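The values are calculated or read from the model by the stated rules, or taken from the named source; none is laboratory data. These numbers were taken from a predicted model, which means no experiment stands behind them. With ideal geometry, Cβ positions are generated from the backbone for all residues, glycine too; neighbour counts draw on all protein chains shown. SASA here: full protein model, heavy atoms, side chains in, ligands and nucleic acids out. Shrake-Rupley method; radii C 1.70, N 1.55, O 1.52, S 1.80 Å.
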Amino acid sequence: MEGTGAGHWFNFKSGQSDLWSMGAQNGKMGFYNRTDSAYRMVLSDAGNMGVGTTATTARITLADHTTAAGGMMFRSAASTVSLGSSISGNLYT
């Protein structure tokens, strides 16, 4: 575990490079991809979760997809329902 002065991180290594880190700093715990220098998921000390964003403004905040379609999928044993958005921002199921 490494301390950065602002937090503590567990680094997951493959060979000589750090690929992923998991840790906490500034009131958030997160998963950080060191290969492309981006947070993939964070959990705030208020209990809010961000996926693809560090701006946890609601219980679950998903990244705003501006260059590619994105969405969510809900699954049960009997069915799957998807809620998505197109590149233009339109929602669809």
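Six or more apart or on different chains, Cβ under 9 Å: which pairs go from a residue in the stretch 22-47 that's over 19 Å from Ala58 (Cα atoms) to one that's of a type in the set (Lys, Arg) and surrounded by 15 or more Cβ atoms within 10 Å (Cβ to Cβ)? Could you list them?
Within 9 Å, the pairs are Tyr32/Arg40; Asn33/Arg40.
So, restricting to strands (runs of 3 or more DSSP E) that lie completely within the stretch 1-73, which ones have at least 1 residues that are in contact with a Phe, Trp or Tyr (Cβ under 6 Å, 6 or more places away or on another chain) and modelled with pLDDT of 75 or more?
Qualifying strands (runs of 3 or more DSSP E): 7-14, 17-25, 28-33, 38-44.
Report whether or not Ala78 is open to solvent by 60 Å² or more (accessible area, probe 1.4 Å), in a loop (DSSP other than H, G, I, E, B) and at pLDDT 75 or above.
yes
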